[in-house]
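S.K.: Sharing a structure here in structure tokens format.
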Amino acid sequence: MRNRLLRFATYIAVGVVTGLLVAAVAVLSEKVLLERVLHLPTWQMVAAPALGLWAAVLVLRWAYFGRQLPSSTSEEYIRSYHDRNHPMQLRHLPFRLVAGILTVGSGGAVGLEGPSIYAGSTTGSAMQRAARRLYRNREGYALLVAGAAAGVSAIFQAPATGVLFALEAPYRSDLGRRALLPALLSSASSYVVYVLVTGFDDLPFDVGTDMVRVRFGYRELVGAAVVGALCGLAAAAFSRIVGASKRLHESDRPWWLLALIGGVVLSGLALASDFLFDAPLSLGPTAEGQLLTWVLNPEESLALLGTLLAVRVVATSTVLASGGVGGVFIPLAVFGLIIGRMVGGWIELGPESLAFFPFIGVAAFLAAGYRTPLAAVMFVAESTGAPAFVVPALIAVAVSQVLIGSSSVSQYQRDSRTGHLERRLEMPVNSAMATDVPTVAADAPISEFVWGIALPRKQLEAAVVGPDRNFMGVIRLSDTREVDRNDWMTVTCGEVMETDIEPARPSWTLREVTEAMADADIELYPVVDSGGRVVGAVTENAIVKLVDFLNETQGNR
């Protein structure tokens with residue numbers, strides 16, 4: 001009972017610390033820096049995102065004892081969730097947070113949820129290492145998930161969204177387990193602390209009650225499906241753009257060249273936005289609410305909306321490719337908002353429902369881009385305060401999930417949760433392969449196998465090989481029963497061996513070997529090299545012993 005209460009206390013502690021960290025990040029980046037940038041003279045405002053990008057890149061490159069830190073944030077949470085060999089490092093936290101503040105505060109078109117998730121998951125991971133005696137192996141990532149939930153909860157003031165996102169994000173089509181209660185307590189405490197410290201109590205997307213009076217008619221539901229389809233296709237395309245941007249950043253191109261080109265592009269987009277939209281809509285997560293106001297303006301044309309979508313896509317991908325720090329949760333929401341608004345221009349439902357399709361688009365694009373359908377629907381409900389969006393949002397999300405395919409903005413997400421045994425079976429065949437393989441020549445008599453291998457070594461099977469040790473088949477003791485004992489000296493192993501067995505290759509996994517064993521009904525499976533020569537064998541006992549050993553030494557999730 002005492003340990004249980006202590007664990008509850010750590011869940012809440014993670015939320016409190018995360019709420020304080022996120023509050024500091026939000027105030028410094030949005031209220032201290034970004035608000036000032038957006039009110040600077042045009043030439044200074046245009047230069048700001050380039051200067052902020054350079055500052056963030058330099059912080060990551062030189063601050064940590066001269067060693068470069070990757071710019072990823074929320075991706076680190078997903079990677080650490082799946083990989084015990086890649087833990088969250090507390091000493092990296094200050095540098096990534098400072099780089100995130102500089103990127104977003106200077107007008108980078110990314111979101112603060114990236115640094116927020118990183119702050120929470122790093123805090124949770126550090127606390128769990130400090131209090132490891134309170135947690136069993138099966139709870140090895142409880143505080144990691146709780147911290148991620150707390151980060152999302154605070155920055156969006158959406159506690160339920162935080163819980164769902166933290167559980168959904170590690171997988172494309174599954175949920176994390178054994179972390180629901182930690183996530184709930186941490187998310188709630190983080191939200192309370194954030195609101196108390198910052199005084200921010202406005203909804204992220206406060207659209208007002210007059211704008212969401214929508215009936216569930218034929219046009220509304222069909223329109224929601226159209227929005228879902230467009231967002232699913234667009235999210236698939238953007239996922240590829242994100243992947244290309246990250247590969248460009250991780251390539252061997254000079255970092256200063258990427259930062260230089262990225263700064264020029266961001267400044268050019270800021271100048272173009274000021275000219276085209278008469279507002280700095282390419283800057284910051286949402287240009288401090290100016291983007292939402294502009295998109296929901298019924299006077300704006302579809303052509304300009306399409307132009308804004310292109311500007312925001314280029315701005316976000318440029319930040320990622322150049323080494324800026326931030327998340328893509330809010331950019332995904334912005335893309336969905338714009339696409340939904342464009343559909344709303346085709347299917348008009350009246351001014352009282354102006355926000356209907358845009359916020360359906362937010363849910364659909366978020367669900368498709370991050371593969372988090374429940375979190376996306378909950379985010380729209382919490383951030384707008386309009387539960388009327390839920391049913392049509394579910395329709396749009398379902399359609400977008402069908403069309404997104406296997407794409408995702410996260411490179412570390414896995415398709416679904418697997419048990420520890422399934423993960424062990426993905427190991428290479430050489431992890432359980434023995435090189436001392438019982439072999440017998442194809443022209444050797446059966447007696448040589450029976451008296452020389454089967455009986456003295458208690459080995460019921462052996463690989464049959466040719467002159468150069470090339471694999472020819474497998475002989476089993478049961479195969480000799482069909483031959484009269486008086487003929488064991490004259491009948492060769494090659495005459496009774498099993499030949500329809502495809503030997504394993506070193507590239508095979510234990511899963512493939514196990515399936516092949518079952519199909520061939522043998523307990524010893526030969527492994528050959530590229531020349532077809534027998535180099536080892538895998539047995540059922542070897543696989544079982546390996547799994548037991550790894551479970552004892554590493555634990556399982």
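The values are calculated or read from the model by the stated rules, or taken from the named source; none is laboratory data. Since this is a predicted model, take the numbers as computed values, not measurements. Note that we place each Cβ from the backbone using ideal geometry, even for glycine, and neighbour counts take in every protein chain shown.
Condition check ((1) assigned by TED's automatic domain parsing to the domain that holds Asp278; (2) of a type outside the set (Gly, Ala, Ser); (3) not in a helix (DSSP H, G or I)) across all residues:
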site: Val17; (1), (2), (3): yes, yes, no
site: Leu40; (1), (2), (3): yes, yes, yes
site: Ala48; (1), (2), (3): yes, no, no
site: Asn85; (1), (2), (3): yes, yes, yes
site: Gly100; (1), (2), (3): yes, no, no
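S.K.: Pairs only if they're at least six apart or on different chains, beta carbon under 6 angstrom, first in the stretch 96-123 and on the phi > 0 side of the Ramachandran plot, second part of a helix (DSSP H, G or I); list them, first residue then second.
M.R.: Going by the 6 Å Cβ cut-off, the qualifying pairs are Gly107/Val37; Gly107/Ala48; Gly107/Pro49.
S.K.: Restrict the check to the stretch 195-211 and report whether at least one residue is closer than 21 Å to Val380 by Cα, of a type outside the set (Asp, Glu) and modelled with pLDDT of 80 or more. Outline the logic, then answer.
M.R.: Filtering the stretch 195-211 down to residues closer than 21 Å to Val380 by Cα leaves 195, 200-211.
From what is left, the residues that are of a type outside the set (Asp, Glu) are 195, 200, 203-205, 207-209, 211.
Within this subset, residues satisfying the condition of being modelled with pLDDT of 80 or more are 195.
Yes, the conditions are met somewhere in the stretch 195-211.
S.K.: Just one of Ala63, Ala109 is at pLDDT 90 or above and among the small types (Gly, Ala, Ser); which is it?
M.R.: Ala109
S.K.: Assuming Ser267 fulfils every condition listed in (1) at pLDDT 90 or above; (2) surrounded by fewer than 21 Cβ atoms within 10 Å (Cβ to Cβ) apart from one, which condition is it?
M.R.: (2)
S.K.: It is to be established whether one or more residues within the stretch 61-74 are buried (at least 17 other Cβ atoms within 10 Å of the Cβ), more than 23 Å from the chain's Cα centre (by Cα) and part of a helix (DSSP H, G or I).
M.R.: Among the residues of the stretch 61-74, at least one is buried (at least 17 other Cβ atoms within 10 Å of the Cβ), more than 23 Å from the chain's Cα centre (by Cα) and part of a helix (DSSP H, G or I), which makes the answer yes.
S.K.: A further question follows. So, in the stretch 503-556, how many residues would count as being farther than 15 Å from Val465 by Cα, surrounded by 13 or more Cβ atoms within 10 Å (Cβ to Cβ), at pLDDT 80 or above and aliphatic (A, V, I, L, M)?
M.R.: Qualifying residue count, the stretch 503-556: 6.
S.K.: Ok, one more. Check Gly120, Gly124, Gly147, Gly107 and return the single one that is of a type outside the set (D, E, K, R), assigned to a helix (DSSP H, G or I) and closer than 30 Å to Leu51 by Cα.
M.R.: Gly120
S.K.: Note down all Cβ pairs under 6 Å where the first residue falls in the stretch 83-95 and is free of Cβ contacts under 8 Å to residues at least 12 places away in the same chain and farther than 14 Å from Gly114 by Cβ, the second is crowded, with 16+ Cβ neighbours inside 10 Å and of a type outside the set (Val, Ile, Thr), and they're at least six residues apart or on different chains.
M.R.: Close Cβ pairs satisfying both conditions: His86/Arg79; His86/Ser80.
S.K.: Do we find that Leu477 is surrounded by 11 or more Cβ atoms within 10 Å (Cβ to Cβ) and either within 18 Å of Ala454 (Cβ to Cβ) or more than 36 Å from the chain's Cα centre (by Cα) (or both) in this structure?
M.R.: Judged against the criteria, Leu477 is a match.
S.K.: Tally up the residues in the stretch 97-119 that are over 12 Å from Gly327 (Cβ atoms) and surrounded by 24 or more Cβ atoms within 10 Å (Cβ to Cβ), please.
M.R.: To start, the set of residues in the stretch 97-119 that are over 12 Å from Gly327 (Cβ atoms) comprises 97-99, 101-102, 105-107.
Next cut, surrounded by 24 or more Cβ atoms within 10 Å (Cβ to Cβ) only: 97, 99, 101-102, 105-107.
Going through the stretch 97-119 one residue at a time, the tally reaches 7.
S.K.: Still on this structure: Please give the number of the condition Ala518 fails out of (1) within 51 Å of the chain's Cα centre (by Cα); (2) under 22 Å from Val535 (Cβ atoms); (3) among the aliphatic types (A, V, I, L, M).
M.R.: For Ala518, the failing item is (2).
S.K.: Another question about this same structure. Exactly one condition in (1) outside any loop (DSSP other than H, G, I, E, B); (2) among the small types (Gly, Ala, Ser); (3) surrounded by fewer than 21 Cβ atoms within 10 Å (Cβ to Cβ) is not met by Ser173; state its number.
M.R.: Tallying (1) outside any loop (DSSP other than H, G, I, E, B); (2) among the small types (Gly, Ala, Ser); (3) surrounded by fewer than 21 Cβ atoms within 10 Å (Cβ to Cβ), Ser173 fails exactly one: (1).
S.K.: For the stretch 129-139, state whether one or more residues are out of contact with any Cys (no Cβ under 8 Å at 6 or more places or on another chain) and buried (at least 24 other Cβ atoms within 10 Å of the Cβ).
M.R.: Checked against the condition, which is being out of contact with any Cys (no Cβ under 8 Å at 6 or more places or on another chain) and buried (at least 24 other Cβ atoms within 10 Å of the Cβ), the stretch 129-139 yields no hits at all.
S.K.: Here is a follow-up. Can you give me the number of residues within the stretch 65-96 that are within 18 Å of Ala321 (Cβ to Cβ) and of a type in the set (A, V, I, L, M, F, W, C)?
M.R.: 1
S.K.: So which residues in the stretch 524-537 are in a loop (DSSP other than H, G, I, E, B) and under 38 Å from the mean Cα position of the chain (by Cα), if there are any at all?
M.R.: The answer is Asp529, Ser530.
S.K.: Filter the stretch 212-232 down to residues that are at pLDDT below 75 and among the β-branched types (Val, Ile, Thr) and give me whichever is farthest from the chain's Cα centre (by Cα).
M.R.: Val214
S.K.: The conditions are (1) more than 14 Å from Val528 (Cα to Cα); (2) in contact with a strand residue (DSSP E or B) (Cβ under 8 Å, 6 or more places away or on another chain), and Thr435 fails exactly one of them. Which is it?
M.R.: (1)
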